[in-house]
Amino acid sequence: MSKQSTPEHYKEPEDAFNERLLFNLVYCSQMSAGVARADVDTIVATAQRRNAVLGITGILVFGSGVFFQWIEGPKAEVLDLVTLIEADRRHEMMVILSTDEEVRERIFPTWDMELVGTEDIQEVLQDALQTAQDEKSVDALQLMLDKLAVVAD
Ligand SMILES: Cc1cc2nc3c(=O)[nH]c(=O)nc-3n(C[C@H](O)[C@H](O)[C@H](O)COP(=O)(O)O)c2cc1C
């Protein structure tokens, strides 16, 4: 009796679903005393190099000594990275604002980690909203824009 072989690319439905799951985490923190603006560029250069390998994308907003970072990618990689970032002495008082895992597209698919100034964040989110394809990303972006509007008021 011939044994039926499974095509190499075949994936169990559950595995295929898990592969499309995207985890995202948002936090804010305070730059530590003695850290200079130039250090932020060093952080971003390291982040872009490492995130590209890990399949992580996102944005780092920096202004008035405060960081705000949106990180998206596979859950295990994002959580390991956040543990590393939390231990980084260049910032302190880290507060995780939200975590989420669902099947949806990345909001920042081409940015390994883009540095955005607080004055530009509204425009970045509006641009992302224009190109967002799925409803969940539109909702997430709209929520962030609404929060920004409250802060700006
Ligand atoms: C605000 C902030 C954001 C950071 N974001 C990232 C990031 O997105 N990716 C990353 O690899 N490292 C990031 N880092 C740097 C990490 O904390 C860590 O220094 C870096 O990954 C290098 O780790 P290594 O020295 O073990 O190679 C960030 C650090 C700070 C202070």
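Computed from the coordinates by the stated procedures, all read-outs in this text should not be read as laboratory data. Because the structure is predicted, anything quoted here is derived from the model rather than measured. Please note: Cβ atoms are built from the backbone with ideal geometry, for glycine as well, and neighbour counts cover all protein chains shown.
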Please state, as a whole number in µm²/s, the translational diffusion coefficient that the Stokes-Einstein equation yields for the chain at 37 °C and 0.692 mPa s, with Rh defined as the Kirkwood radius across alpha carbon pairs. 193
Could you tell me how many degrees, from 0 to 90 and to the nearest 10, lie between the Cα long axis of helix 121-131 and the main elongation axis, the longest principal axis, of the Cα atoms of the chain? 30
Rounded to the nearest 500, what is the chain's calculated 222 nm mean residue ellipticity when only DSSP H runs of at least 4 contribute -39500 (n - 2.57) each, over all residues? -14000 deg cm²/dmol
Quick one: dipole size for segment 14-117, taken about the Cα centre, charges +1 on Lys/Arg Cβ and -1 on Asp/Glu Cβ, in debye to the nearest 20. 420
In degrees, nearest 10, the alpha-carbon axis of helix 135-152 is tilted away from the dominant principal axis of the alpha carbons of the chain by 10
Expressed as an acute angle from 0 to 90° and rounded to the nearest 10, what is the orientation of the C-alpha long axis of helix 37-54 relative to the principal long axis of the chain? 0
Find how much the distance from GLU105 to ALA33 grows on full extension, using 0.36 nm per residue of separation minus their present alpha carbon separation; answer in nm with one decimal. 22.2 nm
Selection from ILE71, GLY117, LEU54, by position along the positive dipole direction of segment 14-117 (Cβ): GLY117
